[in-house]
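Peer 1: Before I ask anything, let me first share the structure, which is written out below as structure tokens.
The values are calculated or read from the model by the stated rules, or taken from the named source; none is laboratory data. In this text the structure is predicted, and so the values were computed from the model without any measurement. All Cβ positions, glycine included, derive from the backbone under ideal geometry; neighbour counts span all protein chains shown. Protein only, heavy atoms only, side chains kept; ligands, DNA and RNA dropped before computing areas. Shrake-Rupley method; radii C 1.70, N 1.55, O 1.52, S 1.80 Å.
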Amino acid sequence: MTVRGPSVRELTHHLAECPSIFLEEPVQPSGQGGVYVHAVVSDLLLDLGGEALSGQDLARFRYSSREAVREERNRLRLVLLGAWLFSHSGFQRGDERERLLSADKVHGFLATGLNPLARLVAADELLGDPDRREELARLGLDALDLVPHGEGEKEAKNRLAALSSVEREKVLAQARAAEARARAVQEQLARKQAAQAAANSYYNE
Amino acid sequence: MTDLQEKWAQAWPQALACWSRYTQLREPRWLSTTKEAAAEGLTGSFAMITLSDHRVVIRLDEVLKHGLQDYAVEILAHEIGHHVYAPGDLGEQAVALARARRALPTLNRHAPMAVNLYQDLLINDRLVRFYDLRIDKVYRALAVSSTEPASQVWSVYLRAYEILWGLAKGSLGGAKLSGSAEGDAQLIARLVRVYAKDWLDGVGGFASILFPYLQSEEGEAFAPLLDATSVGRGGDVPAGLSEEDGGVILHPLHDPRVVGSSATAETEPAGEVPSAETSAGGAKGQCRQPFEYRQILEALGMKLTEKEAAIKYYKEQALSHLIPFPTRVTPQSTEPLAEGTDPWDIGSPLESVDWLESVLVSPRIFPGMTTVQRAWGVMSGHQPKREPIDLDLYVDCSGSMPNPQRQLSHIALAGAVVVLSALRVGARVQATLWSGAGQFQSTRGFVRDENEILGVLVGYLGGGTAFPNHILRQTYNERTDSDREVHILILSDEGMDTMRSADELGNAGMSISKMALEQARGGGTMLLRLYHAEHFMGQDFAKHATLMGWNIFPVVDFASMVAFAREFARQRYATEGPQKSGAKARR
């Protein structure tokens, strides 16, 4: 059965209004930074009717070491944006069982579901670009097996596939290889055309 | 057909409102036959715009043929979009074409099509997103009416629309795409959104994406959609086109605005597409070459000959370098004095009829019979009068000179600067184009027709080299002191020394030259394309000519052309400027 979630328009609007606390730097092992990601995620899960993070789960939402700060920073910042997305009131409807289910899925999505996107899109770009905001909103809905309000299931899948940065990166990699070949030809032809132009300037029709 | 026209005419205000309530355009011209369409220059497509007269042209029979009769608002709003959004005006269209051409080396003929398709994407995406128009259905209808299978480039183009509007793959009728083609469609969709506000910056990137497809396909599938490929038909040449716009052509894969900074950081930055015109020995980043200038005008839909385009090119280039051309002060000016009336005949200008006097002659007017005009005499004035000196121009177009219609000739440009400066102060100009013996073209004596003079200046014969001493002789042999003073300007190269040769009557060339300088009384300048100026100036001919009073300027590039103009103005103006020379004349 198709379960409806909030509309994509509502969610992208919600993302565009992300408060500054969710944009602060995650606290590093050195103590620098302004927000504890694991605390934010725990609060969210509790709100959704789930349980707070504990044990190994906590580690997923912290820097693993000082050396890993550079590598893990964007992922943790995306987790914060994801947490803000799921704070939308549209995700907190339904009975207790449904909300519990949602909390599990949200937990899974924030723990690992954002990793592919984090490798490709910077957190700042994700908020600043309408397409990327829509992608995050659709990823969130998809993670909870929800169909956006006002759309069909197939339409939603198509739209997500068209926006997917991961899919896009795959086809762009192929396009890059083709473009490199085309550029070589393009440069060769430009030189040829330049030589012809120089030669033609001394001839009359 | 009348019903359809009525229905579409009713949709016109709604289509205008899609852009703004204040958009004002005349109702489209509705055509119904191939003959009418051919007369308007509409071939292949069912719609067209012309920016020169701000009109939309719709071919109703083709609309029916493609099954588009129910999409009046969509199609009309799209055409209006070309007027108010992309390209909007001829100047922007010209820049767009120039950028697309740079991205399509050796495939320049496809530039108008690439620009048209790019603009269509921008307009259609806006109409769908903001006004929810059914543009996708227009494309579906076109797919149904098409008999040809979708080509690769057409399929990529349609896929870009599908991505933009969240439609299922293939729903607009495109063929299945390879991974790289799917990537190109993604790039196009992204490009359209990124450059929606400053669309000109994305046109080169769009053409770069199409480049590999157009190498193997001609793109005929687009024919019904090409509605903005001749927008400049019958219009004026946009200003500023002779200058390079300097925009960098980046493939969208290397454009951080399109693919994002994180993705581009992983790849090597790609170089700009080398442009043919800047590599052809021209002035990089400054002037377009004349041949490219003409090709862009052609792509705009303007029908100009190579010479007409060259005239406009050199005129535009010269205008920013005009100099004060020398004038002489005559002791007294003359003032008009009314001296009764003369009969006015049919061939005279209508505005010269003196109606009051004509009515006094006969209350009943019979043109040519009872009409009169005021007769004017002259009387001595109180103020000294400034009179320009004339210009006698000799342009070498032998085989050693570059063809100014193809490549920027700094000699021709310097000539244009002097000619336009002279005409500006009211001087008359005689221009002679010369090459080998007996090969010459000339204006009808000293004239003020700018196009006739510049036409000679940019002409090209490409033969041998023999300075036309006989014309110099004929021009000055019988000149008297009562004739206007003339400055002689010769544009040539090392072949200038053929001036020494005798004319057809056996007169020594340097004697003719001396006589001409004396009779002209306005001085003489040789503007020479010399790459070894010192060597040339050390030769007997140059020494002799300098002693005789000729000023010799070598001009080989833009900097030396500007230096010449400055020096010419300084020399002529300082010694013969209006006030000084006037004071001298009075003394």
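Peer 1: Can you give the relative contact order of region B:404-538 as a percent, counting alpha carbon pairs under 8 Å and 6+ residues apart?
Peer 2: Across region B:404-538, relative contact order equals 23 percent.
Peer 1: Further question: What percent of all Cα-Cα pairs in chain A falls in each 5 Å bin, counting up from 0?
Peer 2: Over chain A, the share of Cα pairs per 5 Å bin runs 1, 7, 13, 16, 16, 12, 9, 6, 4, 4, 3, 3, 2, 2, 1, 1, 0, 0 percent.
Peer 1: Here's another thing I want to ask about it. Can you list which of the chymotrypsin sites (Phe, Trp or Tyr not before Pro) found in region B:1-104 are DSSP loop residues with at most 14 other C-beta atoms within 10 Å?
Peer 2: B:Y22
Peer 1: Counting partner chain Cβ atoms within 10 Å of every residue's Cβ in B:140-146, what's the average?
Peer 2: Across the residues of B:140-146, the mean count of other-chain Cβ atoms within 10 Å is 0.
Peer 1: Report, for chain B, the % of DSSP beta bridges that are antiparallel, rounded to 5.
Peer 2: Taking every DSSP beta bridge within chain B, about 45 percent pair in antiparallel fashion.
Peer 1: For region A:1-64, how big is Rg over Rh, using alpha carbon atoms and the Kirkwood form of Rh?
Peer 2: Using only Cα positions, Rg/Rh for region A:1-64 is 1.07.
Peer 1: Show which lysines lie in cross-link reach of B:K35 when reach means a straight Cα distance below 28 angstrom and same-chain residues fewer than eight apart are skipped.
Peer 2: Here the lysines satisfying the reach criterion relative to B:K35 are B:K7, B:K65, B:K303.
Peer 1: Here's another thing I want to ask about it. Taking amide H atoms as placed 1.01 Å from N in the peptide plane, list the residues 5 or more away in sequence, or in a different chain, whose amide H sits under 5 Å from that of B:R484.
Peer 2: none
Peer 1: Could you give me the ³J(HN,Hα) list for region B:157-172, computed from phi with Karplus coefficients 6.51, -1.76, 1.60 and θ = phi - 60°, whole Hz, x at Gly and Pro?
Peer 2: Each residue of region B:157-172 in turn: 4, 5, 5, 4, 5, 4, 5, 4, 9, x, 9, 5, 3, x, 5, 8 Hz.
Peer 1: Just need the relative contact order of chain B here, percent rounded to a whole number, with Cα pairs under 8 Å and 6+ apart.
Peer 2: Contact order relative to length: 11 percent.
Peer 1: Also, I was wondering about something else. For region B:82-176, what are the per-bin percents of Cα-Cα distances with bins 5 Å wide, up to the bin holding the maximum?
Peer 2: Reading upward from the zero bin: 2, 13, 20, 20, 19, 16, 9, 1.
Peer 1: How large is the helix-only mean residue ellipticity at 222 nm for chain B, computed as the sum of -39500 (n - 2.57) over DSSP H runs with n ≥ 4, divided by its residue count, in deg cm²/dmol to the nearest 500?
Peer 2: After summing the helix terms and dividing by the residues of chain B, the value is -13500 deg cm²/dmol.
Peer 1: Something else: Write down the percent of antiparallel bridges among all DSSP beta bridges whose residues are both part of the protein assembly as shown, to the nearest 5.
Peer 2: Numbers: 22 of 52 bridges.
Antiparallel bridges make up about 40 percent of those DSSP assigns within the protein assembly as shown.
Peer 1: A further question follows. Taking beta carbons within 10 Å but only from partner chains, what does the mean come to for residues A:176-188?
Peer 2: Per residue, the average neighbour count from other chains is 6.
Peer 1: Which three semi-axes in whole Å describe the equivalent ellipsoid of the protein assembly as shown, each the square root of 5 times a Cα gyration tensor eigenvalue, listed largest first?
Peer 2: Working from the Cα gyration tensor, I get semi-axes of 69, 34, 25 Å.
Peer 1: Which of A:A190, A:A177, A:A111 ends up with the largest GNM mean-square fluctuation for chain A, with Cα atoms connected below 10 Å?
Peer 2: Ranking A:A190, A:A177, A:A111 by mean-square fluctuation puts A:A190 first.
Peer 1: Right, next: Ignoring ligands and nucleic acids, what accessible area does B:F440 show with a 1.4 Å probe (Å², nearest 10)?
Peer 2: The value for B:F440 is about 90 Å².
Peer 1: What percent do you get for the relative contact order of region B:91-247 when only Cα pairs under 8 Å and 6+ apart count?
Peer 2: Relative contact order, region B:91-247: 34 percent.
Peer 1: Here's a follow-up. Give me the distance between the Cα centres of region A:134-202 and region B:433-482, rounded to whole Å.
Peer 2: One Cα centre to the other: 59 Å.
Peer 1: So how much accessible surface do B and A hide from each other in total, probe 1.4 Å, in square angstrom to the nearest 100?
Peer 2: What B and A bury together is about 3700 Å².
Peer 1: Taking each residue in A:120-131, count the Cβ atoms of any other chain within 10 Å of its Cβ, then average. What number comes out?
Peer 2: Partner-chain Cβ atoms within 10 Å, mean over residues of A:120-131: 2.
Peer 1: Shifting gears a bit: I'd like the Karplus ³J(HN,Hα) series for region A:76-90: coefficients 6.51, -1.76, 1.60, θ = phi - 60°, whole numbers in Hz, and an x wherever there's a Gly or Pro.
Peer 2: Using θ = phi - 60°, the values come out as 5, 5, 5, 4, 4, 5, x, 4, 5, 4, 6, 6, 4, 4, x Hz.
Peer 1: Starting at the first residue of region B:514-527, write each ³J(HN,Hα) from the Karplus equation 6.51 cos²θ - 1.76 cosθ + 1.60 with θ = phi - 60°, in whole Hz, x for Gly and Pro.
Peer 2: For region B:514-527, the Karplus-derived couplings read 5, 4, 4, 4, 5, 6, 5, 6, x, x, x, 10, 10, 9 Hz, x marking Gly and Pro.
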